[in-house]
Amino acid sequence: MKKSVILLITIIFISANLAFAMISKKEKPTVLTKEEYQKTIMFPIGSPNDAYKQYFIGQSYIAPVSTSQVKMFNVTFEPKCRNNWHIHKAKEGGGQILIAVGGRGYYQEWGKDPIEMKPGDVINIPANVKHWHGAAPNSWFSHLAVEVDGTETENVWLEPVDNEQYSKLK
């Protein structure tokens, strides 16, 4: 009798642990590999964005979409990747337009709350506005970056996004 009770308790304990493990796995979203993510978007991920690597936390990729008339690039961020705070300066005109095309990410202007971005969302960034953008912690993110023509334009790269603030994003 004693052995039967111990066996029953052991079976219940193992079953409960297996059920908990299965539930826990379902609650944690699976992060896609780069190859899996590429299949979900219509633009190429492109090459590692090495020219601007020092202004990013994590790996970003870039693929030109248009380099004449209007400059447009598909920028892809691996999960947790984001660029530093920066400003698209211009004397007149200028700025940037972001068009989300895959995954999930964020955009934030200095002094304001972050805005979640999903495919189809468009952010118009006026010139001379301090901001950052990048992937959510558990998702790849791609956006088309459109440079707005202006006079005396330049990008000014600033400090990284604070890890403590970023870690509060979902």
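Quick note: the coordinates plus some simple rules give every number you see, no bench work behind them. All of these numbers come straight from a predicted model, not from anything done at the bench. We place every Cβ from the backbone using ideal geometry, glycine too, and count neighbours over all the protein chains shown.
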The alpha-carbon center of segment 31-91 and that of segment 100-170 are separated, in whole Å, by 11
In bins 5 Å wide, starting from 0, what share of all Cα pairs of segment 34-166 does each bin hold, as a percent? 2, 11, 21, 26, 22, 12, 4, 1, 0
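How big is the charge dipole of segment 45-98 about its Cα centre, in debye rounded to the nearest 20, if each Lys and Arg gets +1 on its Cβ and each Asp and Glu gets -1 on its Cβ?
140
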Putting +1 on Lys and Arg Cβ atoms and -1 on Asp and Glu Cβ atoms, find which of I62, G95, N163 reaches farthest to the positive end of the dipole of segment 34-166. I62
Burial ranking of peptide ranges 125-132, 108-115 (average Cβ count within 10 Å, highest at the top): 125-132, 108-115
Which of the peptides 43-51, 56-64, 137-145 is most tightly packed, and how do the rest follow, judged by the mean count of other Cβ atoms within 10 Å per residue? 137-145, 56-64, 43-51
Distance check, please: which entries in K53/K130; K80/K130; K34/K170; K34/K80; K39/K80; K34/K89 exceed 25 angstrom between their Cα atoms? K34/K89
